[in-house]
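Engineer: Structure provided below as structure tokens; questions to follow.
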Amino acid sequence: FYGDILSAAVVQAGRQVATVRESVWSLTLSHDLWLWAQLGSGLLLVLLLSRWSGRVDPAFRIAVVVVLLGALLVGLVSALRLTRSESGVLQQVFRNITLAREVGVLNFHAIDFGRRVVGRAVRKPLAEEEFEEIVGWFRDRAPLREGRGEWFGTAHGYDLLMIQVESLQAFVIGLEINGQQVTPSLNRWAKGAVAFANVTDQTAQGRSSDSELATQVSLLPPPVGTAAFLYPNNQYTGLATILAEHGYRTLSAVPFDGGFWNRRLTHHSFGYQDSLFRADFGPGEKIGWGLNDRGFLSQMVPRLGALERPYCAWLLTLSLHHPFAGFPDHHKVLDLAEWEGTPFGNFLHTMSFFDRAFEEMVAGMEAAGLADRTMVVLWGDHDAGLEWKPEFANTLGHRPDAAGWYLSQRVPLLIRVPDVPALVGERNIAAGHQDVAPTLLALLGIDPAPYPFVGRNLLGDPGDVPVVGEYQCWRDNLRLYLSGGPNLTDGECYALTTMEEVDTSVCAGGFAEARRQVEVSLAVLEHDLQQRIHDRLVGLEDDALR
């Protein structure tokens with residue numbers, strides 16, 4: 001028994017100093033107390049479960065139990081300190097490895113196990129009447145996402161290429177700095193596309209992974225935590241799942257570690273049959289976190305050409321990320337004057353670099369004969385996180401207050417269907433990441449109505465409903481609501497036509513509907529309801545036809 005204790009101690013000490021691949025076993029000294037508390041807790045469990053020898057003095061037993069309970073108490077205090085730390089290490093997690101480095105491997109597994117056990121223990125089972133209320137909510141909204149209108153089926157049989165661009169905001173397209181267009185290629189390309197000008201960034205703590213969830217399965221992210229880690233194995237009925245059922249080959253690709261944002265699991269749950277990550281790409285210059293956009297997109301052209309058709313491909317770029325430091329000088333082509341060397345300046349250099357990479361990819365697809373029957377869709381994953389200063393607001397033509405900041409956080413959504421010249425121009429409807437999947441399915445000729453999507457078909461009859469964004473603020477076509485707390489009167493309501501603040505009662509209906517969207521999405525995620533709701537909606541539709 002004591003030999004086992006000694007062996008465990010030696011193993012933990014070895015892990016304390018060992019460095020293995022990606023530092024998974026590097027346990028930080030700052031959390032030693034918690035580590036040893038966990039070890040003590042484990043020993044206590046062993047002692048309690050094992051049979052005490054009759055020769056062991058009872059006083060010794062009591063002393064051991066007291067000491068180990070004290071160690072457990074220290075561990076609990078350390079855990080509480082972590083959960084309340086300003087760093088938010090337990091709330092916003094980019095990948096499991098990062099958290100393991102921060103709190104230690106044993107601590108990470110304890111956190112993971114604890115979250116699952118506590119989550120299941122405190123989660124109230126969903127009553128049948130609650131489930132039917134949720135089904136009714138999706139059924140009532142079915143006309144908003146229904147495949148109807150002149151554009152339904154316009155891209156039937158086309159390949160689908162989606163490009164999610166890191167930190168791309170709507171103001172970049174068409175922006176000129178010192179007489180220079182930041183994205184000249186994208187500006188030209190957008191003239192042949194339909195452009196949605198008021199697309200809300202709907203991400204929360206999950207950032208890029210939240211936009212992935214919203215665009216691919218049309219659900220809002222949880223207000224706290226990250227769906228990529230909380231619900232990675234849900235049975236989603238997303239864009240890729242539906243297209244695969246209609247004969248599409250589905251592929252996702254991001255030139256980075258598959259563990260980042262838990263993408264190796266989530267992309268599979270979203271329905272992608274194949275996923276490419278860092279190890280699947282050839283060598284190339286690294287900018288920021290991974291393979292540069294030019295290297296990534298150029299390597300994807302022959303891979304797209306090799307796919308069975310029709311295909312659905314989803315590409316995620318990541319050349320540079322906030323705080324946009326260290327963009328290589330040899331890739332800078334813009335003269336930014338006073339913005340040079342600032343986060344905003346580096347951000348613009350990044351967008352310019354993507355613009356050139358995108359132009360080369362489009363040219364490569366045309367040369368390979370891939371462009372004629374491919375619907376290309378491009379959006380930004382979230383805002384760039386740049387500090388909102390008056391001089392920055394003036395450059396973008398926005399007011400420098402909170403309302404101006406929120407409206408500036410829009411991301412672009414561009415859809416280009418070859419040989420459909422009428423499907424072009426700017427659409428000003430209030431929209432969000434959640435509207436991508438139903439809109440694209442409708443264009444491809446698949447009716448989104450039977451699917452439990454929070455989003456709408458933007459080219460059908462989407463109505464005017466609140467679109468929930470960051471911090472659970474929202475906007476529709478007429479109003480903007482900036483949340484300040486849990487109650488309606490905690491926030492501010494604005495009339496978008498005049499940008500004047502009005503009484504919050506004007507936003508009462510939208511406030512209730514926005515909260516309901518968040519509640520429904522969270523219930524679907526927590527109880528893994530998407531497939532079940534879809535089956536129920538199909539059943540209700542069949543009953544109505546009888």
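The values are calculated or read from the model by the stated rules, or taken from the named source; none is laboratory data. Please read all numbers here as calculations on a predicted model, not as lab measurements. No Cβ is skipped: glycine too gets one built from the backbone with ideal geometry, and neighbour counts run over all protein chains shown. Surface areas here come from the heavy atoms of the whole protein model, side chains and all, with no ligands, DNA or RNA. Shrake-Rupley method; radii C 1.70, N 1.55, O 1.52, S 1.80 Å.
Engineer: Where does each of W379, W151, W405 land when they are ordered by accessible area, with a 1.4 Å probe and the largest first?
Structural biologist: W405, W151, W379
Engineer: If you don't mind, another one. How would T237, T497 line up by accessible area, probe 1.4 Å, largest first?
Structural biologist: T497, T237
Engineer: Normalised by the empirical 2.2 N^0.38 Å for globular proteins, what value does the Cα Rg of the stretch 267-352 take?
Structural biologist: My calculation over the Cα atoms of the stretch 267-352 gives 1.32.
Engineer: Can you list the lysines whose alpha carbon is less than 26 Å from that of K191, not counting same-chain residues fewer than 8 positions off?
Structural biologist: Qualifying lysines at Cα under 26 Å: K332.
Engineer: Taking the Cα centre of the stretch 401-504 as the origin, how large is its charge dipole in debye, to the nearest 20, when only Lys and Arg (+1) and Asp and Glu (-1) carry charge on their Cβ atoms?
Structural biologist: 380 debye
Engineer: So what does D447 come to for accessible area, using a 1.4 Å probe and Å² rounded to 10?
Structural biologist: The value for D447 is about 60 Å².
Engineer: Can you give me the long-range amide H partners of W314? Hydrogens built in the peptide plane at 1.01 Å from N, cutoff under 5 Å, separation of 5 or more residues or another chain.
Structural biologist: Here M162, L251, S252, A253 satisfy the definition.
Engineer: Probe of 1.4 angstrom, ligands and nucleic acids ignored: what's the accessible area per residue over the stretch 151-225, in square angstrom?
Structural biologist: 25 Å²
Engineer: Quick query: amide H of A193 versus all other amide H atoms, modeled in the peptide plane; which residues come in under 5 Å with a sequence gap of 5 or more or a different chain?
Structural biologist: Here the answer is G425, since their amide H atoms fall under 5 Å of that of A193.
Engineer: Starting from the Cα coordinates of the stretch 383-523, work out the convex hull volume and express it per residue in Å³.
Structural biologist: Dividing the Cα hull volume of the stretch 383-523 by its residue count gives 138 Å³.
Engineer: What part of the accessible area of the stretch 407-460, given as a whole %, is carbon or sulfur when the probe is 1.4 angstrom? Walk me through the numbers before you get to the answer.
Structural biologist: On the way: 560 of 1230 Å².
Carbon plus sulfur share of accessible area: 46 percent.
Engineer: When the Cα centres of the stretch 469-486 and the stretch 182-253 are compared, how far apart do they sit, in Å?
Structural biologist: If you average the Cα positions of each part, the centres end up 21 Å apart.
Engineer: Quick one: Karplus J couplings for the stretch 228-238, per residue in order, coefficients 6.51, -1.76, 1.60, θ = phi - 60°, nearest Hz, x for Gly and Pro?
Structural biologist: 4, 9, 7, 9, x, 10, 4, 9, 7, 10, x
Engineer: For a quick check of understanding: with a 1.4 angstrom probe and all protein chains in place, what accessible area in square angstrom does V420 have, to the nearest ten?
Structural biologist: 30 Å²
Engineer: Using a 10 Å cut-off on Cβ atoms, rank the peptides 328-340, 474-486 from the highest mean neighbour count down.
Structural biologist: On the way: 328-340: 13.3, 474-486: 19.2.
Those peptides, ordered most packed to least, come out 474-486, 328-340.
Engineer: Can you give the Rg to Rh ratio for the stretch 256-402, taking only C-alpha atoms and Rh from Kirkwood?
Structural biologist: Working: Rg = 17.4 Å, Rh = 17.4 Å.
Reported Rg/Rh (Cα atoms, Kirkwood Rh): 1.00.
Engineer: Apply the Karplus curve 6.51 cos²θ - 1.76 cosθ + 1.60, θ = phi - 60°, to the phi angles in the stretch 475-490 and return the couplings in whole Hz, x for Gly and Pro.
Structural biologist: Couplings: 8, 10, 6, 10, 10, 10, 10, 9, 6, x, x, x, 9, 4, 6, 6 Hz.
Engineer: Viscosity 1.002 mPa s, temperature 20 °C: Stokes-Einstein D of the stretch 259-311 from its Kirkwood Cα radius, in µm² per second?
Structural biologist: Numbers: Rh = 12.6 Å.
My calculation gives 170 µm²/s for D.
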